[in-house]
Amino acid sequence: MSEPNDREEISDLVVSLRGLLQRRQRAGIRVLSGPRPAEIKVAAPPEANLLQGTVDDLFADNAEALSARTLDELHAAIGDCRRCKLCSGRTHLVFGVGNPRAKLMFVGEGPGRDEDLQGEPFVGRAGQLLTDIITKGMGLKREDVYICNVVKCRPPENRNPEPDEVAACEPFLKKQIDIVRPEIIVALGKFAVQTLLQSKAPISRLRGNWSSYHGIKLMPTFHPAYLLRNPADKKLVWEDIKKVIKEMRSENA
Ligand code: SF4
């Protein structure tokens with residue numbers, strides 16, 4: 001059981017958090033995930049030593065980024081980010097590239113070697129495949145769409161991003177989507193799909209079926225790097241992309 005002082009501090013914490021969220025909503029900042037203020041519950045009293053600091057401390061590190069209104073402001077706010085351990089091995093933080101008002105957004109996993117060296121997403125062999133999908137398959141230019149990743153810094157030896165790294169970087173991806181406000185997101189590979197859909201289901205089951213990310217149509221499909229290793233599955237991705245083309249045409253009709 002909590003001591004009376006602990007309960008008071010918990011109550012103050014909830015009131016302070018509710019006020020912060022209400023101020024953010026009044027300022028026009030969309031809250032994309034998490035419970036509504038009225039739904040916040042304290043399930044169990046936290047340990048006394050977790051009650052140090054204020055609720056503003058919880059958001060202090062990301063406050064500037066989360067209040068950004070343009071991609072440039074967001075990029076500047078992320079700055080020389082050191083919020084997770086991936087910062088130690090990167091050459092460049094790979095923010096994203098493309099049309100800031102794009103109707104179509106591609107979200108991948110994280111930068112590889114070429115992307116890390118050049119500071120741009122999807123520029124290596126897998127990137128060339130994505131560029132072919134955009135230009136030859138969809139008849140668009142790379143500059144017409146917006147391209148970014150779940151994590152902005154290269155995982156060493158191209159390993160998978162770890163849960164703490166995804167959690168640290170995810171707010172920036174959500175803010176990018178919030179600013180660009182695309183009509184359609186194509187999520188490339190397991191990490192992008194599972195992060196955006198908050199699902200543990202395998203990509204092989206999710207791909208090809210329309211989902212929704214906060215009201216934005218989302219098409220899960222395989223990552224181009226996977227296709228380099230499994231070229232026979234290119235036809236599955238083409239089926240998924242044809243659904244995206246059809247949806248874009250109906251949006252523009
Ligand atoms: S991966 Fe994201 S959270 Fe981690 S250091 Fe890079 S920008 Fe920051």
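Numbers at a glance
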read-out	value
Positions within the range 98-117 being touching a Ser or Thr at 6+ places or on another chain (Cβ under 9 Å), more than 16 Å from the ligand (Cβ to nearest atom) and in a helix (DSSP H, G or I), in sequence order	none
Only listed residue being of a type in the set (Gly, Ala, Ser), more than 13 Å from the ligand (Cβ to nearest atom) and at pLDDT 75 or above, chosen from 68, 44	68
Flag for residue 95 being within 11 Å of the ligand (Cβ to nearest atom), assigned to a helix (DSSP H, G or I) and aromatic (Phe, Trp, Tyr)	no
Odd one out for residue 244, checked against (1) surrounded by fewer than 17 Cβ atoms within 10 Å (Cβ to Cβ); (2) over 30 Å from residue 63 (Cα atoms); (3) touching a strand residue (DSSP E or B) at 6+ places or on another chain (Cβ under 6 Å)	(1)
Residue check, residue 165 at pLDDT below 95 and either charged (D, E, K, R) or in a strand (DSSP E or B) (or both)	no
Count - residues of the range 194-228 that are of a type in the set (A, V, I, L, M), closer than 24 Å to residue 181 by Cβ and either outside any helix (DSSP H, G or I) or at pLDDT below 95 (or both)	3
Matching residues, the range 181-193, being surrounded by fewer than 23 Cβ atoms within 10 Å (Cβ to Cβ) and either in a helix (DSSP H, G or I) or within 12 Å of the ligand (Cβ to nearest atom) (or both)	190, 191
Residues of the range 219-247 satisfying the condition of being without any contact (Cβ under 8 Å) to a residue 12 or more places away in the chain and among the small types (Gly, Ala, Ser)	232
Residues located in the range 127-159, provided they are over 24 Å from residue 65 (Cβ atoms), within 16 Å of the ligand (Cβ to nearest atom) and assigned to a loop (DSSP other than H, G, I, E, B)	159
Selection within the range 143-160 - surrounded by fewer than 23 Cβ atoms within 10 Å (Cβ to Cβ) and touching a Gly at 6+ places or on another chain (Cβ under 6 Å)	145, 155, 156, 158
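The values are calculated or read from the model by the stated rules, or taken from the named source; none is laboratory data. From a predicted model like this one, the values you see are computed outputs, not experimental measurements. As a convention, Cβ positions derive from the backbone with ideal geometry for all residues, glycine included, and neighbour counts pool all protein chains shown.
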